[in-house]
Amino acid sequence: MGSGHRPPNSIQSNRDFARRLKRLICRVTVLVVLARFHFSGYQEGRVYAHKKASCPRYCDEVGSAILTKEQEQEISENLPAFDTLTARSARDNGTLFELFRTYPGSRVNRYVARFVVWDRQADYLISDQPWEYAFGRHSALDRFLALDGEILLLGSGHDAVTFLHYVEHAAKMPNKRIRSFQVPIMEDGRRILRSMKEFDPSGDGAHANWPDRFFAKIVDAHIGTTGNEGGRIGNGLSYVLRARGLLNFAQPVMELVAIDPRATHNLNNRDACLSSCLADGI
């Protein structure tokens, strides 16, 4: 074992892992899984799971002001068309996404903002997908919410909850940051660069007032105010969050922070956050 690596506190068998996971999600019927490093593969038969597999590097970067003009020209001329069925998941999202994308029975939507689905409700959840603003209305996340889905944070960081991008779409706030770019795709047998837009899902955030690790702050505050103690699966502390509850908590917070960034100071007490903003005439 290399320097700096320490063994886990205890060795967990697949059976132990599955038993703890079943206890945590025993009443869940529609589930999003966000996890770190490894996932045991256990899923109860009535549970549907999906993750954002995204696309490989460069596929959605032309025109986004990330690359130099020379890089954009080279990519525009030479990058193969994005194939949703064969393109590997973005490496930044971790190994789990690619393992799940290639898991027997898993399916993906035919779109650059890919979601991997498995088991029940899969056909419905990827039945339609808007080309632009792909995390908002009529998206897989929109239908996931309609099914009263729940989110499993399986030892993952709380700043990587994709569903909060849906909340950014739903929130009524001015001056959302819009990211424009082009994606190489095949259309009528020809490779073309198709333009698209989305509210910025990068670390810069969908609004200039978003503080550092805003999503983690929202999720931690939601967990604290709901008394959600989570449960330990393997050596990681995991939580199940109801998507509707997270939406109802996060949307008014986002709308207030978009007006005044001071609203984040009382984020751990949302009622105090709302009250302080109202007292300031916001």
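The values are calculated or read from the model by the stated rules, or taken from the named source; none is laboratory data. Given the structure is predicted, the values throughout are model-derived calculations rather than measurements. Don't worry about glycine lacking a Cβ; one is built from the backbone with ideal geometry, like all the others, and counts go over all protein chains shown.
Considering only region 204-227, state which residues are farther than 30 Å from Ile66 by Cβ and surrounded by 16 or more Cβ atoms within 10 Å (Cβ to Cβ). So that I can check it myself, show each step before the final result.
Initially, region 204-227 is screened for residues farther than 30 Å from Ile66 by Cβ, giving 221-227.
Scanning region 204-227 gives Ala221, His222, Ile223.
Determine, yes or no, whether Tyr166 is in a helix (DSSP H, G or I), modelled with pLDDT of 90 or more and hydroxyl-bearing (Ser, Thr, Tyr). It would help to see each step written out before you state the result.
On the way: in a helix (DSSP H, G or I): yes; modelled with pLDDT of 90 or more: yes; hydroxyl-bearing (Ser, Thr, Tyr): yes.
Against the criterion (in a helix (DSSP H, G or I), modelled with pLDDT of 90 or more and hydroxyl-bearing (Ser, Thr, Tyr)), Tyr166 qualifies.
Quick one: how many residues across region 125-162 are free of Cβ contacts under 8 Å to residues at least 24 places away in the same chain and in a loop (DSSP other than H, G, I, E, B)?
If we filter region 125-162 for residues that are free of Cβ contacts under 8 Å to residues at least 24 places away in the same chain, which is where we start, we get 126-130, 138, 143, 146.
Filter once more, so that each one left must be in a loop (DSSP other than H, G, I, E, B): 126-130, 138.
The qualifying residues number 6.
Just give me the residues in region 125-151 being among the aromatic types (Phe, Trp, Tyr), modelled with pLDDT of 90 or more and under 24 Å from Ile185 (Cα atoms), in sequence order.
As a first pass, look at region 125-151 and keep what is among the aromatic types (Phe, Trp, Tyr): 131, 133, 135, 144.
Now drop any that are not modelled with pLDDT of 90 or more, which leaves 133, 135, 144.
Hits for region 125-151 are Tyr133, Phe135.
Given (1) under 21 Å from Ser89 (Cα atoms); (2) modelled with pLDDT of 90 or more, identify the lone condition not met by Met196.
Failed condition: (2).
The rows are residues; the columns are (1) among the charged types (D, E, K, R); (2) over 25 Å from Phe181 (Cα atoms); (3) touching a Pro at 6+ places or on another chain (Cβ under 9 Å).
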{"residue": "Leu79", "(1), (2), (3)": "no, no, yes"}
{"residue": "Ser106", "(1), (2), (3)": "no, yes, no"}
{"residue": "Val112", "(1), (2), (3)": "no, no, no"}
{"residue": "Pro130", "(1), (2), (3)": "no, no, no"}
{"residue": "Ser139", "(1), (2), (3)": "no, no, yes"}
{"residue": "Asp148", "(1), (2), (3)": "yes, yes, no"}
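Output the residues belonging to region 102-124 that are of a type outside the set (Val, Ile, Thr), touching a residue at least 24 places away in the same chain (Cβ under 8 Å), closer than 20 Å to Ile185 by Cα and in contact with a strand residue (DSSP E or B) (Cβ under 8 Å, 6 or more places away or on another chain). Outline the logic, then answer.
As a first pass, look at region 102-124 and keep what is of a type outside the set (Val, Ile, Thr): 103-107, 109-111, 113-115, 118-124.
Narrowing the set further to residues that are touching a residue at least 24 places away in the same chain (Cβ under 8 Å) leaves 103, 109-111, 113-115, 118-122.
Keeping just the survivors that are closer than 20 Å to Ile185 by Cα gives 109-111, 113-115.
Within region 102-124, Asn109, Ala113, Arg114, Phe115 meet the criteria.
Being assigned to a loop (DSSP other than H, G, I, E, B) and either touching a strand residue (DSSP E or B) at 6+ places or on another chain (Cβ under 7 Å) or β-branched (Val, Ile, Thr) (or both) is the filter here; which residues of region 185-201 pass it? Break it down stepwise before answering.
Filtering region 185-201 down to residues assigned to a loop (DSSP other than H, G, I, E, B) leaves 188-189, 200-201.
Listed by number, the list holds a single entry, Asp200.
Checking Ser64 against (1) modelled with pLDDT under 80; (2) more than 22 Å from Thr162 (Cα to Cα); (3) small (Gly, Ala, Ser): exactly one of these is not met. Which one?
(2)
Given the conditions (1) crowded, with 18+ Cβ neighbours inside 10 Å; (2) outside any strand (DSSP E or B); (3) not charged (D, E, K, R), report the number of the one that Gln182 does not fulfil.
(2)
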